[in-house]
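The values are calculated or read from the model by the stated rules, or taken from the named source; none is laboratory data. Quick caveat, the model's predicted, so the values are computed rather than measured. Positions of Cβ are backbone-derived with ideal geometry, glycine not excepted, and every protein chain shown enters the neighbour counts.
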Ligand code: NAD
């Protein structure tokens, strides 16, 4: 049976470490880290995600003021809030919860966030740094996967990683992070022929395609590490990953469950990114 990579337990450990770090740094800086979480509209899934993010901030001592805007908010109004937050010295990170209501220009909003406060890592300046292999703020989910691999003692350098999915939020930054850590990386997507054979080459297989339980045994090399990023809600109301867990766990070496794998790591990494931005803004480091 495969080793279960317990993202929920690791995230709890990370939150404890982050809380200690916040206490230490805030005493020197004279202020806590600040993360502005902006929610536009009343999408129930987004409300849950935002509540989880705000709760995690409170748990570790990050100042997290609420910005709940009505769904009729215009692009101009949202840009003006971002300008205010960009100038606010108490705010280190700005997160605008996606998806935005139709009618709001997403690209204009995401590129307006100051790159040094872009804790989601979606700004082209941060994506460029990632491509160049330079330090910068990186999208939370893929950075969280790297943390999970590292803290589970799973080597990356020299391994063949196959990433299924090429979105800007998960697949692409995931592939670049693995490449920057000296993996040999293959990116697969909806036009890739013979996907199972490609996936079977992987020492580290990252499934980020959003197709519930599509990845079965025939996609997995015995002993591989399987990271299931997918989250979909099945017709039974239960959360489903992209991987058929039981089937995969019988053949792979290590696997993330859904829920309780990558999801909690995404939030823990949002706080890591906020702390990185705070260290940058205050000039402080614990290292
Ligand atoms: P997306 O729809 O933007 O991208 C999906 C990618 O998968 C695309 O690049 C597409 O080419 C590829 N794809 C789709 N169907 C495919 C198929 N049949 N074969 C091969 N490739 C295929 O989605 P996304 O935003 O990258 O998210 C992917 C999944 O990860 C979703 O289930 C999403 O809910 C989940 N997600 C989870 C977290 C987390 O914290 N755990 C965070 C972000 C996204």
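For the range 104-141, which residues satisfy the criterion of being in a loop (DSSP other than H, G, I, E, B), touching a residue at least 24 places away in the same chain (Cβ under 8 Å) and buried (at least 18 other Cβ atoms within 10 Å of the Cβ)?
Within the range 104-141, the subset in a loop (DSSP other than H, G, I, E, B) is 104-105, 113-114, 118-123, 133-139.
Narrowing the set further to residues that are touching a residue at least 24 places away in the same chain (Cβ under 8 Å) leaves 104-105, 113-114, 118-122, 133, 137-139.
Correct list: 104, 113, 118, 119, 120, 121, 122, 137, 138, 139.
Test of understanding: among 13, 84, which residue is under 22 Å from the mean Cα position of the chain (by Cα) and either modelled with pLDDT of 95 or more or closer than 20 Å to residue 116 by Cα (or both)?
Only one candidate passes the filter, namely 13.
Could you tell me how many of the residues in the range 18-57 are under 15 Å from residue 275 (Cβ atoms) and exposed (fewer than 14 other Cβ atoms within 10 Å of the Cβ)?
5
Please work out if residue 144 is outside any loop (DSSP other than H, G, I, E, B) and either within 9 Å of the ligand (Cβ to nearest atom) or surrounded by fewer than 23 Cβ atoms within 10 Å (Cβ to Cβ) (or both).
Yes: the conditions hold for residue 144.
Enumerate the pairs (first residue in the range 154-167 and touching a residue at least 24 places away in the same chain (Cβ under 8 Å); second residue anywhere and part of a strand (DSSP E or B) and more than 11 Å from the ligand (Cβ to nearest atom)) with beta-carbon separation below 6 Å, excluding pairs fewer than 6 apart on the same chain, so at least 6 apart or on different chains.
Once the first residue is touching a residue at least 24 places away in the same chain (Cβ under 8 Å) and sits in the range 154-167, its partners that are part of a strand (DSSP E or B) and more than 11 Å from the ligand (Cβ to nearest atom) give 154/225; 159/204; 160/184; 161/185; 161/204; 162/186; 162/205.
If residue 39 meets every condition in (1) within 24 Å of residue 229 (Cα to Cα); (2) in contact with a helix residue (DSSP H, G or I) (Cβ under 7 Å, 6 or more places away or on another chain); (3) part of a helix (DSSP H, G or I); (4) free of Cβ contacts under 8 Å to residues at least 60 places away in the same chain apart from one, which number is that one?
(3)
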